[in-house]
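Undergrad: Handing you a structure now.
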Amino acid sequence: MKGLLPGNPDRRFRRVRGLAILAVVLILWRLVVYQVVDANQLKEDLQAKLSETRTLPAMRGKILDSKGRVLAKTVFEYDVNAAPDIVNPFVRLNGTTTVEVSIAQAAAEIAAILNIPAKVVLAKITGTSKYSNIMKKVDAERYRRLQALEIPWLFYDSLPRRIYPSGAVAGNLLGFVGVDGSALAGIERTMNSCLTGVDGKESYEKGVDGIKIPASVQTTQAARDGSDVVLSIDSDLQYYAQQVMAKYVRDERADWGSAVVVEVKTGKILAAAEAPTVDPNVFWKAKAEDRKSRIFQVTFEPGSTLKTVAAATAVDSGYATPSTKVRAPYRLKVTNQDWIQDSHVHPTEHLTLTGVLKESSNTGISLIAGQVPLATRFAYLKRFGLGERTAVNFEGESGGILGNYKSWDALTANNSMFGQGISVTPIQTAFFYQTVANQGLRLPPRLVMGCQGSDSKLVSTVVPQPTRVISKQAARSTVDMLEKVVEQGGIGRTAGVAGYRIAGKSGTAQIKDGDGYGSRYAISFIGMAPANDPEYVLAVTIYKPRTVSNSIGATPPFKAIMEQLLRMYRVPPSTTKSIKIATNW
């Protein structure tokens, strides 16, 4: 057999050396690529595997009353979770020594705080899954106690919850938020841009065991909490007014009732009470129609409370004085087919304009105020605020129904003087009387005083300028006439408050039913005190009472709330008497 010829050792060596050098070069190149070229990407990939990012929820701002009392605020609840795949005994520092905590002991500690059996906790933390919920919606106190245990495989999800500490107080105004925190109604929705904060972000790294590394926590974006909304409402007065209205709505078996208290010289709404009301904490338990604010959102024909506007118009435009005389029949023919009439049969009465308001005569107000040209009367209605939303701009607010006088027939032109054929909201009616009480100057309603940041500085809500509606003298004359309604009127007398001069007017308005009017009424009493220099206006409305059929049902709640109002704000009793004005001739 032919033997193998020996090769060239030098050539083999050079080949091996070359392959070795190539291998070294490739390894070095790979190291350069790994450590330099791909380093950032590899680092990012590793961080992505070991890092977590979570949202830091911003706190929604509070809603406060005029005295800083909290009507709505946000608190955090916590879901308590574990990662069973990393559940192990752990070491806890106890003073200057360390002790090992077993899984069973940790489960018992968790169970004691959550008030559930330890075996339930053990079942939830046993296994190989990466997530197990132990309990949802744990309050802040128990959350802090759990944190103090320093159990490394427990994790928490913070969940904001909106609460309303005073329950149903001002519930119809406040509105409510959904389970996802979105504003759904009322001030919550109207002022959402003020109340809403901006969520932050936090990132941290996990060890190979999946546990958060405390030193790695970084806040990449701090949460910015929402600002607070400050209301003009006095929650004590609001509560009392709601209690009163709830009683009379129940006793009179009405659909609903409202009471609005206005500070005459500022336009601040001190109370806006409704019954039935809604507790925003459990808003879903209330009927849909009871969740809104009827004071801003529901319209009705005002009836005789609008005679005050017609009388003020006639006086201001020079067509009448409080002593202007009229023969007021029971019925008055308007067209060949249409008549207007008073609420009860009576012989022709010899009344002054003051007497027309005292007797609440439809025919009398039509004969006197009807002398004012229709275009002029309509212009006054607009200046008083009919047909337009208020400056509050409440969510879903109605402007009422006024229409255009050019399309009114003769009957509507007459009916409008005693509150038929047009519709208003309760807040509008209150500010008709605020205008008269404030020497003829209509102020924009103030419900939201402003938005208050963490620095406690209040950014006031922008409001329109006041509107001069009637002259000071015409306003004073109108108040004087309304005072006679309370002093001498059959229904008006029941609204009087001992020791105080009260001025006001009742209203009993038929409610539309199809093309005509039904058998139910909206009854009202709107008044002011003290009449010599009015400070407060109170407007009470009860819708569809079934135990009374006229405004006598509105004066008891008016009187109760007015008495409380005057006491709360320490208004001194009147020391002067009203002027003498004849009501008959």
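We did not get these values from a lab; they are worked out from the coordinates using the rules stated. Here the structure is a predicted model, which means the values were calculated and not measured. Cβ coordinates were reconstructed from backbone atoms using ideal geometry, including for glycine residues, and neighbour counts include every protein chain displayed.
Undergrad: Would you mind checking which residues have amide H under 5 Å from M135's amide H? H placed 1.01 Å from N; only 5 or more apart, or other chain.
TA: So M135 has HN proximity to V80.
Undergrad: If amide H atoms are built 1.01 Å from N in the plane of the peptide, which residues on other chains or at least 5 residues away come under 5 Å of the amide H of V264?
TA: Residues meeting the criterion, in which the H sits 1.01 Å from N, are Y536, V537.
Undergrad: Going by the alpha-carbon gyration tensor, a ≥ b ≥ c the square roots of its eigenvalues, is region 224-292 rounded (a/c under 1.5) or, if a/c is not under 1.5, prolate (a/b greater than b/c) versus oblate?
TA: Taking the square roots of the gyration eigenvalues as a ≥ b ≥ c, region 224-292 is oblate.
Undergrad: Tell me which label goes with the value of volume of the Cα convex hull per residue in Å³ computed from the coordinates here: [x] 186; [y] 164; [z] 301.
TA: Structure-derived value, by its label: [z].
Undergrad: Shifting gears a bit: Which whole-Hz couplings ³J(HN,Hα) result when phi for each residue of region 494-504 is put into the Karplus expression 6.51 cos²θ - 1.76 cosθ + 1.60, θ = phi - 60°, listed in order with x for Gly and Pro?
TA: 6, 9, x, 10, 4, x, 10, 7, 10, 10, x
Undergrad: Helices from the chain with mean Kyte-Doolittle at least 1.6 and a Cα length along the axis of 15 Å or more, per DSSP H: which?
TA: Within the chain the helices that satisfy the rule are 103-114.
Undergrad: To continue, here is another question. Using amide H atoms built 1.01 Å from N in the peptide plane, name the residues 5+ places from R446, or on other chains, whose amide H lies under 5 Å from its own.
TA: K268, I269
Undergrad: Let me know the charge dipole size of region 216-336 about its Cα centre in debye, to the nearest 20, where only the beta-carbon of Lys, Arg (+1) and Asp, Glu (-1) is charged.
TA: Roughly 720 debye for region 216-336.
Undergrad: Got a sec? Charge dipole of region 226-347, +1 on Cβ for Lys and Arg, -1 for Asp and Glu; which of T299, A272, I233 is way out at the positive end?
TA: Sorting the options by dipole projection puts first T299.
Undergrad: So, one more: Which one of T576, P464, V448 has its Cα pushed farthest toward the positive end of the charge dipole of region 443-585, where Lys and Arg give +1 and Asp and Glu give -1 at the Cβ?
TA: Value: T576.
Undergrad: Among the listed pairs K406/K472; K67/K268; K307/K358; K472/K505; K382/K544; K136/K292, which are separated by more than 22 Å between their Cα atoms?
TA: Violating the 22 Å limit, Cα to Cα: K406/K472; K382/K544; K136/K292.
Undergrad: Starting from the Cα gyration tensor of region 450-505, take the square roots of the eigenvalues, sort them a ≥ b ≥ c, and report rounded, prolate or oblate (rounded when a/c is under 1.5, otherwise prolate if a/b is larger than b/c, else oblate).
TA: oblate
Undergrad: Using +1 at the C-beta of Lys and Arg and -1 at the C-beta of Asp and Glu, which of I526, A379, S258 has the Cα lying farthest in the positive direction of the dipole of the chain?
TA: The listed residue farthest towards the positive side: A379.
Undergrad: Among 553-565, 409-421, how do they line up from the highest to the lowest mean number of other beta-carbon atoms within 10 Å?
TA: In descending order of packing, they fall as 553-565, 409-421.
Undergrad: Output wanted: per-residue J couplings in Hz (rounded whole) for region 401-416, from phi through Karplus 6.51 cos²θ - 1.76 cosθ + 1.60, θ = phi - 60°, x for Gly and Pro.
TA: Coupling constants for region 401-416: 10, 10, x, 10, 4, 5, 9, 6, 8, 4, 5, 5, 4, 7, 4, 4 Hz.
Undergrad: When a/c is below 1.5 the answer is rounded, else prolate if a/b is larger than b/c, else oblate, so apply that to region 299-365 with a ≥ b ≥ c taken from the square roots of the Cα gyration tensor eigenvalues.
TA: oblate
Undergrad: Which net charge results for the neighbourhood of T313, defined as the other residues with beta-carbon distances under 13 angstrom from its beta-carbon, given Lys and Arg at +1 and Asp and Glu at -1?
TA: Neighbour charge sum, excluding T313 itself: +3.
Undergrad: If you don't mind, there's one more thing I want to ask. Relative contact order of the chain, please, whole-number percent, based on alpha carbon pairs below 8 angstrom and at least 6 residues apart.
TA: RCO, the chain: 14 percent.
Undergrad: Show me the ranking of peptides 58-70, 424-436 by mean Cβ neighbours inside 10 Å, starting with the highest.
TA: Top of the packing list down: 424-436, 58-70.
Undergrad: What's the magnitude of the charge dipole for the chain around its Cα centre, counting Lys and Arg as +1 and Asp and Glu as -1 at the beta-carbon? Answer in Debye, nearest 20.
TA: Computed about the Cα centre, the dipole is about 760 debye.
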